[in-house]
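Only the coordinates and a few stated rules stand behind these numbers; no lab work does. Just so we're clear, the structure is a prediction, and the values are computed from it rather than from any experiment. Cβ sites come from the backbone with ideal geometry, for glycine too, and all protein chains shown count toward neighbours.
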């Protein structure tokens, strides 16, 4: 029973860190990377589809992405979706190829992106702490129901705290890496 609760907590904490990584991918660093466009969805025959499923996305150079739709009639819809997104990108079309230059980041925008990254990291930390709280509550309930002893409950709580420390350290490491990435010129 204790092991199941600890495994569940570890799995949920791991997912929190994975979500943080996905959120960090949305924060652009000034370099072209296809994952920047992951959040863009296109109306494709009545269904909302991710851009990566209706076009190929390539990195032309360090600051330019190229999007080549698989069907020519999708070009205007893709261009419109990119412009409407909150990514601040301005695509230009040449035939069926949509080129997306990555604007240079100013010091001000870099600081804004770092602030956003810190906010995302704090949300991940809160999520991990909430998972710890849930696990500790489960251990207390088991102890009150006399299914485990006080010593077992205390040891399980220590194990969950070690897990929490491990995942929070991982979140801090990812944040430091993202900050370094954002400040790089």
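What order, most packed first, do the peptides 94-101, 133-140 have when packing is the mean number of other Cβ atoms within 10 Å of each residue?
Values: 94-101: 14.4, 133-140: 17.2.
My ranking of the peptides, most packed first, is 133-140, 94-101.
Taking the 0 to 90 degree range and rounding to the nearest ten, how far is the long axis of helix 2-26 tilted relative to the main principal axis of the chain, both from C-alpha atoms?
20
Could you list, bin by bin from short to long, the percent of Cα-Cα pairs of the stretch 75-120 in 5 Å steps?
Taking every Cα pair in the stretch 75-120, the percentages come to 5, 19, 21, 19, 14, 12, 8, 2, 0.
Taking the Cα atoms only, what angle lies between the long axis of helix 150-183 and the longest principal axis of the chain, rounded to 10 degrees?
20
Over the stretch 34-101, what per residue volume does the convex hull of the Cα atoms give, in whole Å³? Numbers along the way, then the final one.
Working: hull volume 5.2 nm³, N = 68.
Dividing the Cα hull volume of the stretch 34-101 by its residue count gives 76 Å³.
Which distance in nm do the two modelled labels at residue 70 and residue 97 give, with both placed 7 Å along the Cα-to-Cβ direction?
2.1
For a bin width of 10 Å, list the pair-distance distribution of the chain built from all Cα-Cα distances, rounded to whole %.
Cα pair-distance distribution for the chain, in percent: 9, 28, 23, 19, 13, 7, 2, 0.
May I ask you to derive the relative contact order of the chain, considering only C-alpha pairs under 8 Å and at least 6 residues apart, and to give it as an integer percent? Spell out each step's value before the answer.
On the way: 215 pairs, mean separation 47.7, N = 185.
Normalised by residue count, the contact order of the chain is 26 percent.
Just want the ordering: 159, 172, from fewest to most Cβ atoms lying within 10 Å of their own Cβ. Let's see the in-between values first.
On the way: 159 18, 172 13.
The order, fewest Cβ neighbours first, is 172, 159.
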